[in-house]
1. For the chain, what % of the accessible area comes from carbon and sulfur atoms, probe 1.4 Å?
2. Between residue 57 and residue 21, what's the calculated FRET efficiency when r is the beta-carbon distance and R0 is 35 Å? Round to 0.05.
3. Could you compute the FRET efficiency for residue 39 and residue 8, with r as their C-beta to C-beta distance and R0 at 35 Å, rounded to 0.05?
4. May I ask you to give the solvent-accessible area per residue for the range 19-67, in square angstrom, as obtained with a 1.4 angstrom probe?
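The values are calculated or read from the model by the stated rules, or taken from the named source; none is laboratory data. A quick note: this is a predicted structure, and the numbers were derived from the prediction, not measured. Note that we place each Cβ from the backbone using ideal geometry, even for glycine, and neighbour counts take in every protein chain shown. To get the accessible areas, we keep the full protein, side chains included, count just its heavy atoms, and leave off ligands, DNA and RNA. Shrake-Rupley method; radii C 1.70, N 1.55, O 1.52, S 1.80 Å.
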Amino acid sequence: MEAPQEQQPSAVPVTAQQGGEVRGRWHWTEPAVWTERMLTALEEGVKGGVWFRLIDKVWTERNLRAS
């Protein structure tokens, strides 16, 4: 019986960043409003290059009170 062959791990891109680094560069943003995913989208862009519905993030009672 042959031993199973090990698969090589995928290569990590040179531009890959450690989790949490995005938040460090955006330390001045409010975490309750700007999620890690949103900050990453700001840096990397969004699919199709089009942003939708930013006003619903800004115009919530919680965010208006915080401001």
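1. 57 percent
2. The formula returns an efficiency of 0.95 here.
3. 0.60
4. Result: 87 Å² of accessible area for each residue.
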